[in-house]
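Trainee: Would you mind keeping the following structure in view while I ask a few things?
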Amino acid sequence: MGKKYSVKEISQLSGITPRTVQYYDNEGILKAERDESGHRVYYEKQLYLLEQIMFFRAIGFSLSKIKEQLIVGTEVKDIERILDYQASVLYSQKESIQAKLDGLHVAKELMSEGYEVPWELLSHLMRSLDEVDMSTWREYEYSEEDLRLFQEVFDSEQAALDFYNRFRKISLQAAAYNASGVPVESELARTLAKEWQGMVHHATQGDERILSAFTSVDHNRDRWNAGERRLIIEAEEYLQEVLKRYPDDL
């Protein structure tokens, strides 16, 4: 069965305490075998598994989630699925932080321009955006043609996230401007229209097929996260007004 390791040895090799090694055994996360004296012993396969467990802990998995996932299997396809799941969790956390930074930015922007900050609206939007689950978009069922077009537009996951961040930031600004009474004739409103048009032009490159694919997603808001629906509802009227006033700003 190969080289055997004691609790002390596997602790030294992994850098975790003997008590933690024993705890993982008791919890069924890293099951030890027993020698003829009843002492815990480990083999290479368990050392390899412990390395995976430590990695999962480092990227934010709870022990209960690790146990749940490891029961499913440790084949390559299982590990890829586990990592995809955690990537969605971490992206959701990242986007939650970015949404808070966007909210902070728009509050400072309104204050610097002398407008009343809509604290209640921003706090409600921040809380609802905090609950956004990015795996919703990974699991979204696009038509075959729309999926092909989006894969052309977004050549990486980061490119898609960059678009999402830009969309959310502009929408958050529009919702806050509307609540604060920022006139559509203002420079803030004109800049907002330019930002939105720039986002659309960059994503679609003037291709009506790509625009149609985005429109299809917009028409299926019931499949969005609740926080995203709330945001666009608060932003939509103001966006329509500024885009009507500045239709050819680019």
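Trainee: Go through Ser88, Val106, Phe55 and say which Cα lies farthest out towards the positive end of the charge dipole of region 1-127; charges sit on Cβ, +1 for Lys and Arg, -1 for Asp and Glu.
Mentor: Farthest towards the positive end: Phe55.
Trainee: Still on this structure: Over the chain, what is the mean sequence separation of C-alpha contacts under 8 Å (at least six apart), divided by residue count, expressed as relative contact order in percent?
Mentor: Details: 200 pairs, mean separation 44.1, N = 250.
Relative contact order, the chain: 18 percent.
Trainee: Using only alpha carbon pairs under 8 Å that are at least six residues apart, calculate the relative contact order of region 121-213 and give it in whole percent. It would help to have the intermediate numbers written out before the result.
Mentor: Details: 29 pairs, mean separation 35.6, N = 93.
Relative contact order comes out at 38 percent.
Trainee: Using 0.36 nm per residue of separation minus the Cα-Cα distance, give me the extension gain between Asn220 and Leu83 in nm, one decimal. It would help to have the intermediate numbers written out before the result.
Mentor: Numbers: separation 137, 0.36 × 137 = 49.32 nm, distance 2.83 nm.
Extending this stretch completely gives an extra 46.5 nm.
Trainee: With the Cα gyration tensor of region 6-75 in hand, give its eigenvalues times 5 under a square root as the equivalent ellipsoid semi-axes, listed largest first in whole angstrom.
Mentor: Values: eigenvalues 79, 35, 23 Å².
So the three semi-axes of region 6-75 are 20, 13, 11 Å.
Trainee: Positive end of the dipole of region 110-219, charges at C-beta (+1 Lys, Arg; -1 Asp, Glu), about the Cα centre: which of Val184, Leu147, Ser123 has its Cα farthest in that direction?
Mentor: About the Cα centre, the residue reaching furthest to the positive side is Val184.
Trainee: Using a Cα-Cα cut-off of under 29 Å, which lysines could be cross-linked to Lys194, ignoring same-chain neighbours fewer than 8 residues away?
Mentor: Once the sequence-local lysines are set aside, what remains near Lys194 is Lys94, Lys100, Lys108, Lys169, Lys244.
Trainee: So between Tyr142 and Glu44, what do we pick up on full extension, going 0.36 nm a residue minus the alpha carbon distance?
Mentor: On the way: separation 98, 0.36 × 98 = 35.28 nm, distance 4.40 nm.
Gain in length upon complete extension: 30.9 nm.
Trainee: Rounding to the nearest 10 and keeping the result within 0 to 90°, find how far the Cα-based axis of helix 208-218 lies from the longest principal axis of the chain.
Mentor: It works out to around 70 degrees.
Trainee: Pairs of Cα atoms under 8 Å, at least six residues apart: use those to get the relative contact order of region 1-108, whole percent.
Mentor: Values: 63 pairs, mean separation 22.4, N = 108.
Relative contact order here is 21 percent.
Trainee: Ignoring ligands, DNA and RNA, please state the percent of accessible area on the chain from carbon and sulfur, probe 1.4 Å.
Mentor: Numbers: 7480 of 14560 Å².
Roughly 51 percent of what the probe reaches on the chain is carbon or sulfur.
Trainee: Please give the FRET efficiency for Lys67 paired with Gln98, using the beta carbon to beta carbon distance and R0 = 30 Å, rounded to the nearest 0.05. Don't jump to the answer; show the numbers that get you there.
Mentor: Numbers: r = 31 Å, r/R0 = 1.04.
E(calc), rounded to 0.05, equals 0.45.
Trainee: Okay, helix-only estimate at 222 nm for the chain: each DSSP H run of n ≥ 4 adds -39500 (n - 2.57), divide by all residues, round to 500 deg cm²/dmol; what do you get? Kindly include the intermediate steps, with their values, before the conclusion.
Mentor: On the way: 12 runs with 177 residues, N = 250.
The per-residue figure over the chain is -23000 deg cm²/dmol.
Trainee: So, one more: For the chain, take the longest principal axis of its alpha carbons; what is the angle in degrees between that and the long axis of helix 157-180, to the nearest 10 within 0 to 90?
Mentor: Tilt relative to the chain: about 50 degrees.
Trainee: Over region 40-142, average the accessible area per residue using a 1.4 Å probe and give it in Å², no decimals.
Mentor: Details: 6060 Å² over 103 residues.
Here the residues of region 40-142 average 59 Å² of exposed surface.
Trainee: Run the numbers for Trp119 and Lys194: contour at 0.36 nm per residue of separation, minus the present Cα-Cα distance, in nm. Working shown, then result.
Mentor: Working: separation 75, 0.36 × 75 = 27.00 nm, distance 2.54 nm.
Length difference between fully extended and current span is 24.5 nm.
Trainee: So how strong a dipole does the chain carry about its Cα centre when Lys and Arg Cβ are +1 and Asp and Glu Cβ are -1, to the nearest 20 debye? Could the numbers behind the result be given before it?
Mentor: Details: 31 positive and 45 negative charges, 256 e Å.
Magnitude of the dipole: close to 1220 debye.
Trainee: Between 0 and 90 degrees, rounded to the nearest ten: what's the tilt of helix 119-129 against the longest Cα principal axis of the chain?
Mentor: That helix lies at roughly 40 degrees to the long axis.
The values are calculated or read from the model by the stated rules, or taken from the named source; none is laboratory data. Everything numeric in this text was worked out from a predicted model, so none of it was measured. Neighbour counts are summed over all protein chains in view; Cβ atoms, including those assigned to glycine, are modelled from backbone coordinates with ideal geometry. Surface areas here come from the heavy atoms of the whole protein model, side chains and all, with no ligands, DNA or RNA. Shrake-Rupley method; radii C 1.70, N 1.55, O 1.52, S 1.80 Å.
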